[in-house]
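In what follows, a single structure is set out as structure tokens and then discussed.
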Amino acid sequence: MAAMLSIDNLHVSVGGKEILKGLTLAVQAGEVHAIMGPNGSGKSTLAHVLAGRPGYQISAGTVRYQGRDLLALPPEERAREGVFLGFQYPVEIPGVNNVYLLKAALNAQRKQRGLPEVDAFEFLGLVREKMKLMHIEDSFLSRGVNEGFSGGEKKRNEILQMVILEPRLAILDETDSGLDIDALKLVAAGVNTQRSPERSCVLVTHYQRLLEYVVPDFVHVLVRGRIAKSGDRGLALELERRGYDWVTGEAA
Amino acid sequence: MSESAKQLESLIARGYQHGFVTEIDSDTVPPGLDEDVVRLISRKKQEPEFLTAWRLKALRHWLTMKEPHWAHLRVAPIDYQSISYYSAPRTKKDGPKSLAEVDPKLLETYEKLGVPLHERARLAGVAVDAVFDSVSVATTFRERLAQAGVVFCPFSEAVRTRPDLIERYLGSVVPIFDNYFAALNSAVFSDGSFVYVPKGVRCPMELSTYFRINALNTGQFERTLIIADEGSYVSYLEGCSAPQRDENQLHAAVVELIALDEAYIKYSTVQNWYPGDANGVGGIYNFVTKRGECRGRNAHISWTQVETGSAITWKYPSCVLRGEGSIGEFYSVATVNNQQQADTGTKMIHIGKDTRSTIISKGISAGAGQNTYRGLVKILPSAQGARNFTQCDSLLMGPRCGAHTFPYVEVKNPSATVEHEASTSKISDDQLFYLLARGIAAEDAVNMIVSGFCKSVFKELPMEFAVEAQALLAISLEGAVG
């Protein structure tokens, strides 16, 4: 069976500056991978390129998602095919109701799979159940997308969207940054409910703190646009002890 | 331009949906304007003497006036002598008595526009008056309204059946000398709708007028007068469209609303006149004077407008808050795309004690469109305890459009409270990508963001029109993503 995600020798630049310089990574179904690395190493670029954000020039390399050429798909197609990006900075969209967006997103995905649109009543039940899991208040139902949300609420909303959309491949871009310990545990619980043999997750993170709650199968350290070191959870702990200089020095 | 900006640009180009012409035999007076033309119009409508005199007075005054140029608009010169001031589909009699007498071609036109006039086919609960060029061609549900005592008929008919009300109220809110276009309208107005809701009556259905300009080189000068007597309620809607033509056509309407003690008038407009093509050729000049007067205690007038069409829009639906405790509201969405220009807003004139007004204006600019909000909040010395809240938001799509805001505030009473909030924003690449990344198609994503922006206005529209307004907005912004 094809890998969930297979990145081979990926080169990406932004405005003429090369950020990813030959990145190679394979994620099998059921696996959780953590991508760590110092600021500016290309972590967020990787997350955005996988989700299809415009503005990046891909000069070489391939990305295959379940055997298909992911880079050939527009962003909305990727989402409908089960790729989910949890944003580092979720944007506010005033006046667009949270539930309305969630329902539109779920239906776009169901349509792609030839399933009927979700019944409104059933959908609301599902949303309420998942809101409970993420400790999100009822008032959320009537608010605009991220409108007036605190930083922590925005991150919890990203995870709420994820658990409702049940992506095959979830890419979480520093979802843990700026969260207090309680919010971090909620986010981790949300991610853990998604673990299954059919689904994979790529956690982009600067700190190993999240990995105490979501135990990854693999940890990779991204340095200057390439994976400099891979290992298991022990690598994250060692990074915390010794700092990124340890790897960046070695990689230099 | 960023990727998504290009995407936005390419999304705005489906074009105008109502641009067809109906081939119908019309009775059109030759172009030009003088006293004879005014007399002719008045005679065609079998008007009483007072009205002919009123029109002539307006014309004589208009001839002394100068076209206003204070708005933030570029207007190509208008040759008032090349316009035909009256055009009517030829019928055997003066106005059909029932739908059976209406020319089937006209019925077909309104079907095409999505305004079926057959009562059985109508959305439950909306009575329609259809104005084609200069005359009203059909008014539906008249019997049911008559049972409630509500008068809803073509203006020209009201002149014959209720001359008392016309003489008393016509020009009492917008005097003939008010402004250049109001004076012109007063001289040559042809038809429009008339509504009278008697004391204590809650109008049993939504009233609606659909205006259609069809003939070439004609102007439309309709006149609408709505009187809500003490303690009554009425909700009135108007829709507009015109064929696609290379010439500019003038639409200079006057709307007057009068709300007596405890009366409530809700007036909604979905304006979709032909906006001209992408290069700014053709389109309607929409120069309209709309004003309501809260004449009684606790009277309430609420304007809601969704302006998506016209090459140029110049209109300021306003409220004169004379009655103590009366309320004026203005909710507006104005969209400009391609070469469209809009200079629109409102005036809230607080005269009575404890009068309140709310202004919510949402301007959307795309293509090379220029959108101006112009508003006046005036609190007179007598308006003890008056309050106003104004919120004025602009949304820009793409790098070539413009948004301008001119809020004027004049406060002559120190007890008044006036609040003003304003914002200008762009549809950001971040917002667009966020929705794309959730599987929403680009066009839907833009519509979602724009609808969200307009939400506080759309919720003021009656349900079925809110849906239409959203659809229109989506069409008028097609290709505007940027």
Task: lysines whose Cα lies under 28 Å from that of A:LYS103, excluding same-chain neighbours fewer than 8 positions away - done: A:LYS111, A:LYS130, A:LYS132, A:LYS154, A:LYS155, A:LYS185, B:LYS6, B:LYS362, B:LYS426, B:LYS455, B:LYS459
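Which order results if B:HIS300, B:HIS404 are arranged by neighbouring Cβ count within 10 Å, fewest first? Provide the component values of the computation, followed by the final result.
Numbers: B:HIS300 24, B:HIS404 16.
The order, fewest Cβ neighbours first, is B:HIS404, B:HIS300.
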TODO: Please work out the Kirkwood hydrodynamic radius for the protein assembly as shown, using every pair of different C-alpha atoms, and report it in angstroms with one decimal place.
DONE: 28.6 Å
Task: Shielding score for A:54-63, defined as the mean number of other chain Cβ atoms within 10 Å - done: 2
Task: Sequence-distant residues sharing a close amide H with B:LYS347 (under 5 Å, placed H) - done: B:SER318, B:CYS319, B:LEU376
Task: Shielding of A:84-97 by partner chains, average beta-carbon count, 10 Å - done: 5
Task: Relative intensity, log₁₀ I(q)/I(0), of the range A:5-251 from a Debye sum that treats every alpha carbon as a point, q = 0.11, 0.16 Å⁻¹ - done: -0.58, -1.22
Task: Average beta carbon contacts from partner chains per residue of B:421-433, 10 Å cutoff - done: 3
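Taking 41 Å as R0, compute the FRET efficiency from the Cβ-Cβ separation of B:ARG202 and A:GLN112 and round it to 0.05. List each step's numbers first, then the result.
On the way: r = 49 Å, r/R0 = 1.18.
Given R0 = 41 Å and the Cβ-Cβ separation, E is 0.25.
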Open item on the list: Only counting other Cβ atoms within 10 Å, I'd like B:ASP343, A:ASP119 sorted with the fewest neighbours first.
Closed with: A:ASP119, B:ASP343
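Per-residue ellipticity at 222 nm for the protein assembly as shown, helices alone: DSSP H runs ≥ 4 residues times -39500 (n - 2.57), over residue total, nearest 500 deg cm²/dmol? Provide the component values of the computation, followed by the final result.
Values: 19 runs with 200 residues, N = 734.
One gets -8000 deg cm²/dmol as the mean residue ellipticity at 222 nm.
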Task: Burial ordering of B:LEU396, B:LEU207, fewest other beta-carbon atoms within 10 Å first - done: B:LEU396, B:LEU207
Open item on the list: Per residue of the range B:434-451, what does 6.51 cos²θ - 1.76 cosθ + 1.60 with θ = phi - 60° give for ³J(HN,Hα)? Whole Hz please, x for Gly and Pro, Karplus curve as stated.
Closed with: 4, 6, 4, 5, 9, x, 7, 5, 3, 5, 5, 5, 5, 4, 5, 5, 5, 4
Open item on the list: As an exercise, use a Förster radius of 45 Å and the Cβ-Cβ distance of A:GLN28 and A:GLU137 to find the FRET efficiency, rounded to the nearest 0.05.
Closed with: 0.75
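Every read-out reported here was derived from the displayed coordinates using simple, explicitly stated rules and does not represent laboratory data. All values reported here derive from a predicted model rather than from experimental measurement. Using ideal geometry, Cβ is built from the backbone for each residue, glycine included, and neighbour counts are taken over all protein chains shown.
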